[in-house]
Amino acid sequence: MATLNRLLTNICSNNLTASKNFYTKLFDFNVDFESDWFIHLISKDKKLELGIIDRSNEIVPKEFQNKPQGFYVTFVVENADALLPIAKSEKFEIVNKPMDTFYGQRRLLLKDPDGTLVDISSPIKDFKF
C-alpha cells in the first residue's frame, strides 16, 4: 500500500478563465500557477488544491476529453446558503437551491462552466440521525 502524500483533483475545461472565475468567486482559492493549458488553485491556508486543465491538452487522453458524467465534486463550507447570492449575481447555473438532506447536510448544487456538478454542503447544526 502506498502512502498518500497529496490529493489534487483536476477538472477538464473548455474555458480556463471561466472555470477559474467560478471557483475563485465561490471559494477562498488563490491562483498559484496559471498558463495557457493549466491553472493551479490553492486555498488560502494552503491545505486544499484544485487544478483546471484545458480539456483538449495532449496530456488528457482523448477518451477523457468529454463532458464530465458519473461524478461530482463536493466542497464543505460553513454556510452553503451564503454562496447562493454569489451564484445568482455571477449567473452561475443553479441546479438546486440550498435544501436540507436526510443525512444532515444543507446542500446547494451548481454546475460549473464545463458541466461538472458542484455540491456545496454545510453540516446542519445539532443534526442527529
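Summary of computed values
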item: Some residue of region 67-74 being at pLDDT 95 or above and part of a loop (DSSP other than H, G, I, E, B); result: no
item: Test: residue in region 2-15 that is over 18 Å from Gly115 (Cα atoms), among the basic types (Lys, Arg) and touching a residue at least 40 places away in the same chain (Cβ under 8 Å); result: yes
item: Residue list for region 46-60, restricted to those being more than 24 Å from Ile86 (Cβ to Cβ) and part of a loop (DSSP other than H, G, I, E, B); result: Arg55, Ser56, Asn57, Glu58, Ile59, Val60
item: Pairs with Cβ under 6 Å, 6+ apart, first in region 66-80 and touching a residue at least 40 places away in the same chain (Cβ under 8 Å), second basic (Lys, Arg); result: Ala80/Arg106
item: Ile59 vs. criteria in contact with a helix residue (DSSP H, G or I) (Cβ under 6 Å, 6 or more places away or on another chain) and either free of Cβ contacts under 8 Å to residues at least 12 places away in the same chain or not hydroxyl-bearing (Ser, Thr, Tyr) (or both); result: no
item: Tabulated pairs, region 25-38, first over 16 Å from Asp54 (Cα atoms), second part of a loop (DSSP other than H, G, I, E, B), C-beta under 6 angstrom, 6+ apart or interchain; result: Lys25/Glu90; Asp28/Lys44
item: Region 44-76: number of residues that are surrounded by 11 or more Cβ atoms within 10 Å (Cβ to Cβ) and either of a type in the set (Asp, Glu) or under 12 Å from the mean Cα position of the chain (by Cα) (or both); result: 11
item: Residue in region 82-95 that is more than 19 Å from Asn15 (Cβ to Cβ) and either in a loop (DSSP other than H, G, I, E, B) or among the basic types (Lys, Arg) (or both) present; result: yes
item: Verdict on Ile53 being within 17 Å of Phe29 (Cβ to Cβ) and touching a helix residue (DSSP H, G or I) at 6+ places or on another chain (Cβ under 6 Å); result: no
item: Residue in region 1-24 that is surrounded by the fewest Cβ atoms within 10 Å (Cβ to Cβ), counting only those that are in contact with a Leu (Cβ under 9 Å, 6 or more places away or on another chain) and within 22 Å of Lys91 (Cα to Cα); result: Thr24
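The values are calculated or read from the model by the stated rules, or taken from the named source; none is laboratory data. Keep in mind that this is a model prediction, so the values were computed, not measured. Note that each Cβ is placed from the backbone with ideal geometry, even for glycine, and that neighbours are counted across all protein chains shown.
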